[in-house]
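Trainee: Can you read through this structure? Questions will come right after.
What follows draws every value from the coordinates through simple rules; no lab data is involved. Every value quoted in this text rests on a predicted model; they were computed, and no experiment measured them. Because the Cβ atoms are built from the backbone with ideal geometry, glycine has one as well, and the counts that use them run over all protein chains shown.
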Amino acid sequence: MKRLQFQDLKAFPNQLTLLRLVFIPFIVMAVTDNPPHYPIAMSLFILAGVTDGLDGLFARWLKQKTLLGQYLDPIADKLLLSTLFLALSVEHRIPWKITLVVFSRDFGILLVSTLLYLTTELRDYTPSYFGKANTAAQVGAVFIVMLNELNDATWIDHVQDILLWSVFGLALLSGVHYIVLVGRRMRGLPPPSATST
C-alpha cells in the first residue's frame, strides 16, 4: 500500500492546500471582529477557492498527485467550510440548526472513516455525487451570506434561503448515502483470510 511521504509536503499543489489552511483563522477573525470586515473575509474566501482549483490543476499539470494531497485537500475544504459555518452562526448570520446538521454529518463521516481506516483494508473514501453537491452548496451558502452583508439587494435574501436549506437537505441526504456507499465498498473487500496471506 502506498504510504504518506514527508517529501510530499514539497509538492507545489500540497503547498497551495496548506496555504488554504493558513487563510482560515484570518477569515474567521474578519467575520467575528467588531465591527466585522466582510470585504476582507470575502476576498480571502475567494482566494481560498482559487487555491482549491489551482492545487488540482497543478497536481495534474506537474504530475504531482500524492497520497498526502488526496487526504489533505478534502480536509482543508471541510475545515474551511465548517469553521466558517460556525463563525457565521456565532454572528447570527446562519441558523444554528443548519450548522449543527453540517457538523453532525461531517463528524459522523470523519469518525466512521477513521474507524474503517484503522480496522479494515478499505481505503476508498472518495465522495459521492451527493457529497460533492453538499460541498458545492456549502461554498455557495457561505459566499452568498457574506455577499448579503455587502449588498442589500432583495434577490440575495432569496438565494441565501435556497442555498441554506439546500445545505440542510443535502447534508442529511449525503450522510445517509455515505452509509449505503460504505456498506457497498465493504462488501467488495476480500475476506480477512484472503488479506492476511
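Trainee: How much length, in nm to one decimal, is gained on full extension between Ser128 and Val90, taken as 0.36 nm per residue of separation minus their Cα-Cα distance?
Mentor: Values: separation 38, 0.36 × 38 = 13.68 nm, distance 2.98 nm.
Taking 0.36 nm per residue and subtracting the Cα distance, the gain is 10.7 nm.
Trainee: Would you mind checking segment 86-129 for residues with the amide N under 19 Å from a putative spin-label position 7 Å along Cα→C-beta of Arg187?
Mentor: Residues passing the 19 Å test: 121-126, 128-129.
Trainee: Still on this model: Between Asn148 and Thr114, how many nm apart are label points set 7 Å from Cα along the C-beta direction?
Mentor: 3.2
Trainee: Can you give the FRET efficiency for Ile156 and Ala136, using 1/(1 + (r/R0)^6), R0 = 25 Å, r = Cβ-Cβ distance, to the nearest 0.05? Intermediate results must be reported in sequence, preceding the final value.
Mentor: Numbers: r = 18 Å, r/R0 = 0.73.
Computed FRET efficiency for Ile156 and Ala136 comes out at 0.85.
Trainee: Taking the Cα of Leu47, stepping 7 Å toward and past its beta carbon, and measuring to each backbone N in segment 80-95: which are under 19 Å?
Mentor: 80-81, 83-84
Trainee: Go through 150-159, 177-186, 91-100 and give me the packing order, highest mean Cβ count within 10 Å leading.
Mentor: On the way: 150-159: 11.0, 177-186: 14.1, 91-100: 15.6.
Output ranking for 150-159, 177-186, 91-100: 91-100, 177-186, 150-159.
Trainee: In percent, how large is the relative contact order of segment 9-187, given Cα pairs closer than 8 Å and 6 or more residues apart?
Mentor: Values: 159 pairs, mean separation 42.4, N = 179.
Answer for segment 9-187 is 24 percent.
Trainee: For segment 9-187, what is the convex hull volume of the alpha-carbon atoms per residue, in Å³?
Mentor: Working: hull volume 21.6 nm³, N = 179.
That works out to 121 Å³ per residue.
Trainee: Let me ask something additional. Take the Cα of Val176, step 7 Å along the line toward its Cβ, and report every residue of segment 89-120 whose backbone nitrogen sits under 20 Å from that point.
Mentor: Answer for segment 89-120: 97-110, 112.
Trainee: Any idea what log10 I(q)/I(0) is at q = 0.22 Å⁻¹ for segment 68-161, Debye with uniform C-alpha scatterers and no solvent?
Mentor: These q points yield log10 I(q)/I(0) values of -1.18.
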